[in-house]
Amino acid sequence: MAKRVSRLKNKGKKKGLSAAKISNIQKYKQAKKGILTPAQKKKKDEDKKARKHEAFCKIQKDRKKFRELQAIYATDEEAYPLTAEITGEEMMNMMDPDDLTYLIETEGKKKKYQDLLAAEEAKEAATIAHENEDRSFDKNPLASNMRSLLPIKTDQGIIPRYMEIKEETEEGDEDDQQPPPPTDEELKKQQTKDERDKKKSTLEFLLERHRKLELMKVKIGCLSASFIEEPQERISALSSILHCMKGLDPDIAITIKKYAALSLLEVFHYIIPSYSIHHNDTDQKLKKETRRLYFYENQMLSAYQAYLKSLEEMLLKEERKKRKNPALKQMAMVALKCLGELLMKHSHFNYTGNLIQALVPYLNHSDDDFFSQATSYFTRLFKDDREGRISLEVVQRIDQFVRRRTFRVQPQVLRVLLGLRIKNVQSLDAELEAELTAKRKLTHKEKLLKKLTEKNKQKKSNKEAKRYRKKRKLEEQVKEIKKEKSKKVRNTYHTSIIQLVFGLFIHVLKRRPNQKLMGIVLEGLAKFAHLINIEFFADLLNCMSEIMAEGTLKFRESLHCIQVVCTILSGQGEVLTLDPHRFYKYLYVNMFNLSLGLNHNDILSAVESLKQMLVERRKRVSAVRVQAFAKRLATLSLTLLHSGTIASLATLRSIILHHPSTEALLETDTEGTSGLFSAEIEEPEHSNAAASCFWELHYLTRHYHKTVQQMSTHILLGAPLQGEGTLPYSLTKRPADELFGMYDPSEMRFNPTIPNPSQHLSGKVNKTKKLTKRHKGEQWMTHYMTQETQDLLTVGLLSEDPVTVNGSLSNNINGHSEENDQSSMAKSPSITNLTTANFFTGMFSNMDVEKIPSQIMTESQYGEDFTLSLLKVASKT
């Protein structure tokens, strides 16, 4: 190194460089190679020492905190004690200073209210003491040591007699006669006994209960807030809140249990992690931070377990009572709410199976409030569960519960299964193709934004660009692998769910242990029939035909049975050689049983069955049958609400587009057909629907709903796909069930909203508008009015005789007689020829021309607006 330095100096001297320049060159080359100068080395060592000292201080502080925590929990035998209750001083130390000052201020404000309550209590106590005093009707009551004797009756009157009572004492030592002094325990027992024996009034009881509730509410709130601030250091606050759920005070037990349960629900929402916890062993050799974390997790998990046990006890307490108590019912409802919210928000955490097991029996509860709340939680859980893991666990528990009860359950237990998200399960290849096509198709704006972002990015070197490309490819591969794995896992979950659900449905369908469940089972099969394995199609269709042949099904159940058959035959069941003529005939005959009454929602089953019969199986249906069903569907649309009419018209549109033979019904000319249409015939092929037409659509063009008018006009024009009369994309691409739900009037509102009625419909005219029109008409005179005035004046001056109207003299168009209006006749001119006079001529006789200012317009100002206004006036007259 020294030789190299000397060489640099010699070169620098030869070039004529100074010593400072040579040293700078030397430092620059050393810095480039990473060699530090002595000053830099010294500064680096100092920084290193400072960091070491800071880390050491932090470690010491953590050790001190951990020793304090270990000392607190070293004496406890159990992992999570619940017996000890926190004192007031400890609670004040745990509280935040701001919260403490706020409570002190509010306590001062309540002092006046408490003084009033104390005065009321003292007043009532005085009245109670006065009532309990011994009373006498004598004017001079006897003393406590006097006793009255029989009186003496004399001539002067009755003389009362009294005798003094002497206390007899036995001879003996006084020390032996005195009892021993009572102990502290005996005094406490005597005090509690006196308090129990003392009867409290209703006001005193309510005041004392209110005071206890306020104290407990403040305590629970302060403990919850302090624990959320520092959970790992204030774990004892959680045990105190759990201690409140025991309800030791019978006066406020139920209310405090509800407050504590809801407060702990919010606390656990805050502290539960996004992963499940296993009980960790802290006896192993671990790092201090790890040991501390394990200790906190163990304590929190044991607290969560104790909380769930308390909620389960609250639920069971209401069931054990034979007589229903509304207070216990409210407490059980709070417990059910807490369990449902924990299952909804923390289904990934521990004891999820216990939560499901506690909630499932309430689907079969006799009280509507309980089973509706449990049903809502499971329905939301099925809707939010995309993977299917929790749904599978719920279905397993329901399956076990139903089979344990030997299918003696309410229909709502199986109705919950209709909310499962397994209707649109697609294959992996179809989903991958959809994602790839979505990636390929970019809009023009997205392409421009992509170019701008690429330009604004900093340019990378070739090595960095290559590294970035490799990293990006690896990330994409990892994402694709994860997606494929998640999809495979989801398909496995959905497969097991389908097996369990269809196991329950087919058991009820074949063995019929409970006739009440038939409607729900048929509805579920109609919804999930496209997921059944093809091996079970023939057996299921035979079972359906047997059930329909018996004739024991209701109308709604029959519709679902037909929908199941149509769903099977329109999918993979096309290979089966089964004639569904019986199901076609039943649907055709009973379509008119649908109406806007109780079975209006059943229109969806009928419409879905027609779509599967006539559209998806269009190659196996004759043209005559299609025309008969189309005609009946058009007639049915007149008897439904607008939501059902829109769904039926959407189905009719798809039938017309897929079957050109139905276009003949759009024409009113029936010369090419023979015979008459017979709607009462049960066979659709023999009804001769080709001899009729869609006259119902002409009525629907004047429907009260705008969408119905639009759809009926579109169908009458032949359902064009482009040009005039086409429907918007929102109506053509949506299925019938979505349209039915979108325009459902059950919420008492229209979609789209109907505008407010105009004035000509309501019969009311706005007074302000009417006054402004009158004001404008009286204020200005146009050029046309001025010319008419001059003509009228000339006519009036030339005339000699007044006009006769209805046999009497009159000088105006309103027919006022000469006797009634001599003054007006003298002022205004008379009109000789009514045939030549226009409407202004009669109006002028009642006008005061002198008070009307004229506004004569020039010929250049006679524009389009002026002529339009004159035309409007003429059209109104």
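Annotation for the stretch 702-751: chymotrypsin sites (Phe, Trp or Tyr not before Pro) lying in DSSP loop with at most 14 further Cβ atoms inside 10 Å of their Cβ are TYR704, PHE750. Can you give me the C-alpha center-to-center distance between the stretch 488-512 and the stretch 29-44, rounded to a whole angstrom? Distance between centres, Cα-based: 74 Å.
Once fully extended, how much extra length lies between GLU738 and LYS479, figured as 0.36 nm per residue of separation less the alpha-carbon to alpha-carbon distance?
So the chain would gain 89.9 nm between GLU738 and LYS479.
Please sort 680-691, 149-160 by packing, taking for each peptide the average over its residues of neighbouring beta carbons within 10 angstrom, highest first.
Details: 680-691: 16.6, 149-160: 8.4.
Packing order, densest peptide first, comes out as 680-691, 149-160.
Report, in listed order, any pair from LYS345/LYS383; LYS585/LYS631; LYS258/LYS324; LYS383/LYS706 with a Cα-Cα distance greater than 23 Å.
Working: LYS345/LYS383 13 Å; LYS585/LYS631 15 Å; LYS258/LYS324 18 Å; LYS383/LYS706 33 Å.
Where the Cα-Cα span goes over 23 Å, the pairs concerned are LYS383/LYS706.
Counting only heavy atoms of the protein chains and using a 1.4 Å probe, THR37 has close to 40 Å² of accessible surface.
Full extension of the segment from LYS29 to LEU17, taken as 0.36 nm per residue of separation minus the current Cα-Cα distance, would add 2.7 nm.
Per residue, how much accessible surface does the stretch 209-336 expose to a 1.4 Å probe? Answer in Å², no decimals.
Numbers: 6690 Å² over 128 residues.
Spelled out: the 1.4 Å probe surface of the stretch 209-336, per residue, equals 52 Å².
Which whole-Hz couplings ³J(HN,Hα) result when phi for each residue of the stretch 710-722 is put into the Karplus expression 6.51 cos²θ - 1.76 cosθ + 1.60, θ = phi - 60°, listed in order with x for Gly and Pro? Karplus-based 3J(HN,Hα) across the stretch 710-722 equals 5, 6, 5, 5, 4, 6, 5, 7, x, 6, x, 8, 8 Hz.
Placing +1 at every Lys and Arg Cβ and -1 at every Asp and Glu Cβ, with all other atoms neutral, what dipole size does the stretch 337-412 have around its Cα centre, in debye to the nearest 20?
Values: 11 positive and 9 negative charges, 47 e Å.
Charge dipole of the stretch 337-412: 220 debye, to the nearest 20.
Could you let me know the centre-to-centre spacing of the stretch 688-715 and the stretch 296-374, using Cα atoms, in angstrom? Cα centroid of the stretch 688-715 versus Cα centroid of the stretch 296-374: 54 Å apart.
The values are calculated or read from the model by the stated rules, or taken from the named source; none is laboratory data. These figures come from a predicted structure and were not determined experimentally. Every residue, glycine as well, gets a Cβ built from its backbone with ideal geometry; the counts of neighbours run over all protein chains shown. Surface accessibility is based on the protein's heavy atoms, side chains included, excluding ligands, DNA and RNA. Shrake-Rupley method; radii C 1.70, N 1.55, O 1.52, S 1.80 Å.
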